[in-house]
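Report on the structure given below.
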Amino acid sequence: MTALAICGGRLVDPAAGVDTAKDILLRDGRVAEIVSPGKLKLNNGAGDIETLDAAGLIVAPGLIDMHVHLREPGQGYKETIATGTAAAAAGGFTAVAAMPNTTPVNDAPEITRWMQEPERGAVVRVFPIAAATRGSKGEAVNDYAALKSAGAVAVSDDGKPILKDSVMRETLVAAARAGLSVIQHAEDTRMTQGGSMNLGPAAFRLGLRGMPPEAESQIVERDIRLVADLHDPRAHLHVAHTSTATALAAVRQARRNGLRVTCEVAPHHFLLTEEHVGFYNTHAKMCPPLRSAADRDAMIEALLDGVVDAIATDHAPHATHEKEVEFENAPNGITGLETALGLALRWLHKEWKMPLGRVLSLLSAQPAALLGLKARGTLAVGSIADVVIFDPDAEWTFDARQSKSKSRNTPFDGWTMQGKVRWTVSEGRIVYSDRG
Amino acid sequence: MSPTATPVRRQLATPPVPASPFPYNSGSLLSVLDLSLDGLSQLLARATALENQDPLLRDRILAKRRVALLFYESSTRTRTSFELAAKGLGADTTLVSSLSSSIEKGESLKDTGLTLRALGTEAIILRHNSSGAPWLLEESTHLPVLNAGDGMHEHPTQALLDLRTILAHLRAGTGEVNAGTLAGVTVAIVGDILHSRVARSNMLLLPRLGARVLLCGPKELLPEQAAQMGPGIAIERDFDAALGQSQVIMMLRIQAERLAGLQLDLEDYKANYQLTGQRLAAHAPQALVLHPGPIIRGMEVTAGVADGPQSAILEQVRNGVAIRMAVVERALAADRQGGRA
Ligand SMILES: [Zn+2]
């Protein structure tokens, strides 16, 4: 079997506490050796060894996006598992967790398995997140043990919240027993009906009905109360795409109280505000919506002081014709896999001075830990050979037309990115390369 | 008890909001903000000139030019007014309404716009129930698009005809307008502000000429953030107090079709916000009364006030045709000079 040597780069592996020049040998899909520069024995007769010259580049654990929509089964015109994972590879991601709001909803072990079959053509690892309730209708809790053994890494009704207290409680109990996290899309849909952007001055000015921030924070607060009442240390609540200052404050407080409550933030929520909707730009429409500047600033603050556990893109592709409609009729969501690293390095690292290791940890080690992915999110010897190799100093402009995704719905077209992915290696195989 | 948000300690640079690419076509009138004060002066002057021109000469200005009226909402007043204006300049008009076309078969606004353009349409007058639809249509076609009312957002020609009416009464003989033309004038806009595109366009237009806009209505129909829409806007919930401060009173209809589950006690509303002869005499005996129509007599205004001596409601309608002639002429004149498209 072919081995891969990555030589001359700077290895940044936050989980292992490593940030130094190292050469790495990958063999049989695992990290085989980590040695000082120039110390790899490349002619030991163990078959072909391909060498990547990583001089001047960062070598890091492959990125992990714990919140993507790959649209299969059933919505292949928006994205397929093949195109979505190709976009992931281009963005430096070696693993993605796929939300279950497909057609049909992934609420059964057969669908969970189907998504992972080689026939889907995934170029990086897909970890399905199974629906928390039957059909994601928020009524009947699924069989989590069966879904877990089929490969599900968490449960969620993403796209919708689990509204009923009794069902959410039951979900938390059953997931704790099965050893799965519950990922909640926190939105009290009774407060957001007809809304298409954040409730506030911008929505008033544009004549659009608003979605109040309380619709998010009140569900987060309710969920935290439910977790507290369970008194079960196995219970893990993860808040998806946190967008409001009050929801973050609730998570912060829950953690102080010793609860296992975690959260993710999407790049668009730490970069953009409701003002970026401009004149009805449907590429700035998603759920939860872009919020106020104060909410956006709270996201940045929480990223910097460590309350946020992961950066997740909520990659949500939609066909061009679906977005080229009246703002209130456009579907929610934007793509994110190819812009997450470039934006995080440009803003979090360069502008807001977050250390590189912490940025990478939010994009790899921490989501791996949240999902319980074994031997991923690190490049310690013996771990899975998921690697991203990027030029940290390269500035480039994102061109949505060049996207590997099937869809083009991004507000970041034409934006300046920092850090260019040169190679993405998934389980020892090169799945993306760009020497440009 | 919900925990309070942690105050932000750092001052950080964040990504700027990109400049708006609109309008793509300099003949478009999507928002009242598309007009500079100079442009506004020219438009008002052209409205007067066109109104006074011999109809037989006027008829040649846009002879055989193709203008489409694309109406996704029923409208008598605005549609007829635009149609008379375009025809008055000699243009050929085509009415495409949602009740009698491919729209009801599910064609998208973009595709309808592209079809109209392929048919030789040179400008589109759009009335749509979704806020922002004219922006979508303009971006899709790059044609001059005239916003004839979009959802709860804007109705720029209504604000322009309201302005013309106000100027005729309060600033007769004014030629060019400037940032001080309406200094010292308070305009009360009363009623269902939340759902009103007429209110929004006036809120953006009148303060640019120095007027103060006073919004009046119950919380359900007038949220606090309305005052943040722009400069020169304040809220006065007490109707009598608002009347006492105003030289112009613009009454709005309750938009029952947009209430969307909002519970409103209409008797209570009438008691607090109906403009009656008694109220008018007591608090604003000199004020000009405007209403964009359609009027629900006995709801927001009494019949006596609607037909009374302070009412300029029919004058508004007349001004609408003059303003829309100028707006349609501007749309196609810009095209001849080469729009920004
Ligand atoms: Zn979601």
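Every read-out reported here was derived from the displayed coordinates using simple, explicitly stated rules and does not represent laboratory data. Everything numeric here is computed off the predicted structure, so don't read it as measured data. Quick reminder, even Gly has a Cβ in these numbers, built from the backbone with ideal geometry, and neighbours come from all protein chains shown.
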Item to complete: Take every DSSP beta bridge with both residues inside the protein assembly as shown and express the antiparallel ones as a percent of the total, to the nearest 5.
Response: 35
Practice prompt. With springs connecting C-alpha atoms under 10 Å apart, model chain B as a Gaussian network and identify which of B:Asp38, B:Asp92, B:Asp265 has the largest mean-square fluctuation.
Written response: B:Asp265
Worksheet item: Most mobile of A:Glu72, A:Glu338, A:Glu170 per a Gaussian network model of chain A (Cα springs, under 10 Å)?
Response: A:Glu170
Worksheet entry | B:Val17-A:Glu117 pseudo-label distance in nm [points 7 Å out on the Cα-to-Cβ vector] | 4.9
Worksheet item: A:Thr83: net charge of surrounding residues, Cβ under 10 Å, Lys/Arg +1, Asp/Glu -1, itself excluded?
Response: +2
Response to the item:
The set of residues whose placed amide H lies less than 5 Å from the amide H of A:Ser364, leaving out same-chain residues fewer than 5 positions away, is A:Ile64
Fill in: Residues whose placed amide H lies under 5 Å from that of A:Phe127, excluding near-sequence neighbours
A:Val96, A:Ala97, A:Ala98
Discussion item. Tell me the relative contact order for chain B as a rounded percent, counting alpha carbon contacts under 8 Å between residues six or more apart.
Written reply: 21
Worksheet item: When DSSP beta bridges are limited to those with both residues in region A:1-146, what percentage is antiparallel, rounded to the nearest 5?
Response: 50
Fill in: Paramagnetic label zone (point 7 Å from Cα along Cα-to-C-beta, A:Ala21; backbone N under 16 Å) in region A:328-369
none
Worksheet item: Which far-off residues, 5 or more places away or on another chain, put their amide H under 5 Å from the one on A:Phe93, with H placed in the peptide plane?
Response: A:Leu63
Practice prompt. Among A:Lys160, A:Lys374, B:Lys270, rank each residue by its count of other Cβ atoms within 10 Å, from fewest to most, as a rough exposure measure.
Written response: A:Lys374, B:Lys270, A:Lys160
Response to the item:
Rounded to the nearest 10, the angle in degrees between the Cα long axis of helix A:165-178 and the longest principal axis of the Cα atoms of chain A comes to 20
Worksheet item: Under the definition of Cα pairs under 8 Å and six or more residues apart, what whole-number percent is the relative contact order of region A:62-371?
Response: 17
Practice prompt. Looking at chain A, send over the antiparallel percent of its DSSP beta bridges, to the nearest 5.
Written response: 50
Worksheet item: With a 10 Å Cβ neighbour count serving as the proxy for reagent exposure, in which order, fewest first, do A:Glu275, A:Glu216 appear?
Response: A:Glu275, A:Glu216
Worksheet item: Setting aside same-chain residues fewer than 8 positions from A:Lys164, which lysines have a Cα under 18 Å from its Cα?
Response: A:Lys137
Discussion item. Defining a contact as two alpha carbons under 8 Å apart and six or more residues distant in sequence, what relative contact order in percent does region B:215-341 show?
Written reply: 23
Worksheet item: For region B:156-317, what D do you get in µm² per second when you plug the Kirkwood radius from alpha-carbon pairs into Stokes-Einstein at 10 °C and 1.306 mPa s?
Response: 102
Fill in: Residue of A:Arg234, A:Arg296, A:Arg190 that the Gaussian network model of chain A assigns the largest fluctuation, springs spanning Cα pairs under 10 Å
A:Arg190
Discussion item. Using helices alone, I'd like the mean residue ellipticity at 222 nm for the protein assembly as shown: each DSSP H run of four-plus residues gives -39500 (n - 2.57), total over residue count, nearest 500.
Written reply: -9000 deg cm²/dmol
Worksheet item: Can you give the extra length, in nm with one decimal, that the chain gains between A:Arg225 and A:Asn257 once fully stretched, where that is 0.36 nm per residue apart less the Cα-Cα distance?
Response: 10.4 nm
